[in-house]
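One structure is given here, and the rest of the page talks about it.
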Amino acid sequence: VFKICDVASNIMPVIAGHDFVLYGPIENAPRAFPLVGMADMIVAEAAKAEHDIEAEEPHPILKMTA
């Protein structure tokens, strides 16, 4: 249960448009960084679909997609 709450608390600020996320102890970084990047990708896809706004470098959507 703790990991699910941890994941949700890490991605909610990104979905809300925040640029800075306090993810907790440094030990959480390997789990938090990819999840926050994925949430940022979802926001970028929505911005492109709804408002035709392209992501710019160094956005995660340009680095994490094939």
| request: Can you tell me the 0 to 90 degree angle between the C-alpha axis of helix 2-15 and the longest principal axis of the chain, rounded to 10? | output: 30
| said: Nearest 500 deg cm²/dmol is fine: what mean residue ellipticity at 222 nm does the chain get from its DSSP H runs of n ≥ 4 alone, each adding -39,500 (n - 2.57), divided by its residue count? | reply: -20500 deg cm²/dmol
| note | Treating only Lys and Arg (+1) and Asp and Glu (-1) as charged, each at its beta carbon, one finds that the chain has a dipole about its Cα centre, in Debye to the nearest 20, of 360
| For the Cα atoms of the chain, what angle does the longest principal axis make with the long axis of helix 29-51, in degrees from 0 to 90, nearest 10? | 30
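Read the figures in this text as sums done on the coordinates, not as results from a lab. Every value quoted in this text rests on a predicted model; they were computed, and no experiment measured them. Ideal geometry is used to build each Cβ from the backbone, glycine not excepted, and the neighbour counts take in all protein chains shown.
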